[in-house]
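For reference, the structure discussed in these notes is given below.
The values are calculated or read from the model by the stated rules, or taken from the named source; none is laboratory data. Model, not experiment: these values are computed from the prediction. Here the Cβ positions follow ideal geometry from the backbone for every residue, glycine too, while neighbour counts run over all protein chains shown. To get the accessible areas, we keep the full protein, side chains included, count just its heavy atoms, and leave off ligands, DNA and RNA. Shrake-Rupley method; radii C 1.70, N 1.55, O 1.52, S 1.80 Å.
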Amino acid sequence: MFNSKFRHNHILAITLSACFLSALVGCASMGRPEGGLYDEDPPVLVSSEPAEGAVNVKKQRITMRFNENIKLDKVNEKLTISPPQSKMPRVSSNAKTLTLELSDSLKANTTYSIDFGDAVQDNNEGNPMESLSLLFSTGEQLDTLMVMGHLLNAKDLEPITGAYVGIYRVVSDTISTDSLFYTKPFERAGKTDVNGFFKILGCAPGSYRLYSLVDGNTNYFYDSNSEDIAFGSDTLLIDENYVPDSAMIVWSFNEGKVKRYLDDCTRPDSLHINVRFATPMPEKPKLAFLLPDSTRMEGDSIVVGDFNITLDTISYWLRDTSLIALDTLKLELTYLFTDTLNQDIWRTELFELEKPVVKEQPKKEKSEKKKIRKRKDKEDEAKVDSLAADTLPKITYMSMKMISANSIDIGAKPKFEMSEPLDSLRPELFHLQIKKDSTWADMPLRLEQDTLHPTRFTLYAEPHFSPGETYQVIVDSAATHNIYGHPIAACNFSFTEKKPEDYAHLRFNISGIDGPAFVELLNASDKPVQTAKVINNQAKFVHVPAGTYYARLIEDVNGNGIFDPGNLSEHRQPERVHYFAAELELRANWSFDQNWNVFETPILKQKLEKVKINKPKKTAEKKSKNEEYLRKRGKIK
């Protein structure tokens, strides 16, 4: 918020800093092409019209002047005006001046707040003003109270950037503020920055309920099932004694009410049909084909689908040769679709899918020598037994590969993939052997085909694989066929199961919670690699590969073993999540015992910067460059 005292102190601080740096580096000048320190100071607001705190404002044009030339960075994304505007204002900059023209008419006797976030930068180095805002009133009364806090993703404590956090006044016990959230724009709102921090300016005394919205259509209320939301559990009583608390946390979540629709349906080649939906699907679609003679063929018997786990990306293999040969496929696709009443209904669409035309590559002119060599090769081939060449058909084999590592984890199973979907597996033609004293001994096996990926299967040892042992799989010719009748050629694979000493072992001793919970061990990308239930205040991880890990704990209120988001209509908050506030360096053949009080570290400091997605970068980069500049000149160590 702009005021004269702040401006005076800030200008004084900049002046002192400039004097110090001038003495430190001698002739080095800020931002000069020939070298010197980077300019790290943001612009300073010199004046504004209307002024900060002005009353009885009638003009819709706001003008702000700065001490240096400025530029705007994503101002339409970062700008927040309260009360929210139905029409986007016009914002422009020219040299040291910023101009904002409100498109909506000003409301009478209303306090307006305009918050630019960090959209205003100096023109040379792009140093942003951390928070530029202006407060004025169209009446005699200026409301100056404020609400602040942080918005975090409830599932992973990630700061939510660019979300609106707003309030509705509690009018009476008979009118639900939840109903206002569904139908009317926020009364006042702020927008979250890269750290998830928000502030709602210009609040009048009263009782309010707080909500948050990742607003896809920018209408400032919750009208789309796909939007992420949050709500405060308690009513906010805002008066002269109210103290804004930046440590207040609001938990953002998605209720999971998604709009289902078809994104794409294509035929990339003669064998495949690809289908993609916009969101995860609860059921597989249904297919039917209309032949040129009007015959209808149901798809289940003539296609084989390769599905991802959420059933929203599918590649179908055509197994019927009459369909493969058609230049145009008429396909009826029936799938779940969300209608205007937000109900999932079965919808059928007809597609005419053309076979892609394969362009022939231009043939290169052969040299005379190559022509002579080719003719000689043909003469040699003619000398081969013509009967054998005519009577033995050429066999097309499908390929097979091992998609798991050659050194599998303890408890894991080797997985294999074929080049085309499997039609049959003959386990008796697969041979599993274990190496014992330089010889191979047979052992029983079991094969299990993947239900989602028809090209894959898993091999199980009976009763199990053993740590440290070496195995080989010998596959006889024709041990399996694909849906086109092509067999597999004979092949073999070898692998070992790791030893216990190849792993680390970790035990968390949990305190601070009493109910059911589970812990996820995370990699550097914040993705779970192992999960352990908290039993008797302990979570145990065995056979963990050496490396750097992180951890989060989920308070599993309903004991279903997964994170559950909140529900607005039930006023149920999402399940609470806590991060272990340190890296875990696990070494092979070591056991680690780690105490963890989940409330010892404040929530805002639990998730380490290394695993956060949203984090400021530019300031740190410039400071490091200045440090390097001074270090080279012996000014700092």
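Table for the structure above
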quantity: Extreme residue, farthest from Tyr397 (Cα to Cα), among residues of the range 427-476 that are aromatic (Phe, Trp, Tyr) and part of a strand (DSSP E or B); calculated: Trp440
quantity: All strands (runs of 3 or more DSSP E) inside the range 194-271 with 2 or more residues being among the hydrophobic types (A, V, I, L, M, F, W, C) and either in contact (Cβ under 8 Å) with a residue 60 or more places away in the chain or surrounded by fewer than 19 Cβ atoms within 10 Å (Cβ to Cβ) (or both); calculated: 197-203, 229-231, 236-238, 249-252, 262-266
quantity: Residue under evaluation Leu521, criteria (1) open to solvent by 50 Å² or more (accessible area, probe 1.4 Å); (2) part of a strand (DSSP E or B); (3) closer than 23 Å to Pro574 by Cα, criterion not met; calculated: (1)
quantity: Residue in the range 564-575 that is surrounded by 15 or more Cβ atoms within 10 Å (Cβ to Cβ) and closer than 18 Å to Ala539 by Cα present; calculated: no
quantity: Residue within the range 233-252 that is over 20 Å from the mean Cα position of the chain (by Cα), under 30 Å from Ala278 (Cα atoms) and aromatic (Phe, Trp, Tyr) present; calculated: no
quantity: Among the candidates Glu379, Glu360, residue that is in a loop (DSSP other than H, G, I, E, B) and modelled with pLDDT under 85; calculated: Glu360
quantity: Residue check, Ala189 open to solvent by less than 20 Å² (accessible area, probe 1.4 Å) and over 29 Å from Glu555 (Cα atoms); calculated: yes
quantity: Lone qualifier among Thr348, Thr313 - being open to solvent by 40 Å² or more (accessible area, probe 1.4 Å), modelled with pLDDT of 95 or more, within 22 Å of Asn225 (Cβ to Cβ) and of a type in the set (S, T, N, Q); calculated: Thr313
quantity: Hits in the range 147-182 (condition: under 29 Å from the mean Cα position of the chain (by Cα) and not in a strand (DSSP E or B)); calculated: Ala154, Lys155, Asp156, Leu157, Glu158, Ile160, Thr161, Gly162, Ala163, Asp178, Phe181, Tyr182
quantity: Selection status of Pro574, within 30 Å of Met400 (Cβ to Cβ) and either in contact (Cβ under 8 Å) with a residue 60 or more places away in the chain or hydroxyl-bearing (Ser, Thr, Tyr) (or both); calculated: no
quantity: Residue match in the range 445-461 (condition: over 30 Å from Ile314 (Cβ atoms) and among the acidic types (Asp, Glu)); calculated: no
quantity: Some residue of the range 278-292 being small (Gly, Ala, Ser) and in a loop (DSSP other than H, G, I, E, B); calculated: yes
quantity: Selection count, the range 80-130, where residues are crowded, with 19+ Cβ neighbours inside 10 Å, assigned to a loop (DSSP other than H, G, I, E, B) and of a type in the set (A, V, I, L, M, F, W, C); calculated: 2
quantity: Failed item, numbered, when Arg552 is tested on (1) in a strand (DSSP E or B); (2) over 24 Å from Asp228 (Cβ atoms); calculated: (2)
quantity: Positions within the range 525-545 being open to solvent by less than 60 Å² (accessible area, probe 1.4 Å), at negative phi and not in a strand (DSSP E or B), in sequence order; calculated: Val534
quantity: Total residues in the range 272-312, condition over 24 Å from the mean Cα position of the chain (by Cα) and in contact (Cβ under 8 Å) with a residue 40 or more places away in the chain; calculated: 10
quantity: Every residue from the range 211-242 that is hydroxyl-bearing (Ser, Thr, Tyr) and touching a Phe, Trp or Tyr at 6+ places or on another chain (Cβ under 6 Å); calculated: Tyr211, Tyr220, Tyr222
quantity: Test for Ala504: is it touching a strand residue (DSSP E or B) at 6+ places or on another chain (Cβ under 8 Å), assigned to a loop (DSSP other than H, G, I, E, B) and touching a residue at least 40 places away in the same chain (Cβ under 8 Å); calculated: no
quantity: Test set (1) touching a Ser or Thr at 6+ places or on another chain (Cβ under 7 Å); (2) touching a residue at least 40 places away in the same chain (Cβ under 8 Å); (3) surrounded by fewer than 17 Cβ atoms within 10 Å (Cβ to Cβ); (4) among the β-branched types (Val, Ile, Thr) - Ile488 fails condition number; calculated: (3)
quantity: Among (1) open to solvent by less than 100 Å² (accessible area, probe 1.4 Å); (2) within 22 Å of Pro421 (Cβ to Cβ); (3) modelled with pLDDT under 95; (4) touching a strand residue (DSSP E or B) at 6+ places or on another chain (Cβ under 8 Å) - the single one Glu298 does not satisfy; calculated: (1)
quantity: Residue count, the range 447-478 (criterion: surrounded by 14 or more Cβ atoms within 10 Å (Cβ to Cβ) and over 25 Å from Glu497 (Cα atoms)); calculated: 2
quantity: Failed criterion for Phe221 (all others in (1) under 30 Å from Pro528 (Cβ atoms); (2) at pLDDT below 90 hold); calculated: (1)
quantity: Sole exception among (1) assigned to a loop (DSSP other than H, G, I, E, B); (2) crowded, with 18+ Cβ neighbours inside 10 Å for Phe416, by number; calculated: (1)
quantity: Boolean, Ser17 is of a type in the set (S, T, N, Q) and either at pLDDT 90 or above or not in a helix (DSSP H, G or I) (or both); calculated: no
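Okay, residues lined up against (1) at negative phi; (2) touching a Lys or Arg at 6+ places or on another chain (Cβ under 8 Å); (3) aromatic (Phe, Trp, Tyr); (4) assigned to a strand (DSSP E or B):
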| site | (1), (2), (3), (4) |
| --- | --- |
| Thr548 | yes, no, no, yes |
| Val557 | yes, no, no, no |
| Ile562 | yes, no, no, no |
| Glu570 | yes, no, no, no |
| Pro574 | yes, yes, no, no |
| His578 | yes, yes, no, yes |
| Glu585 | yes, no, no, yes |
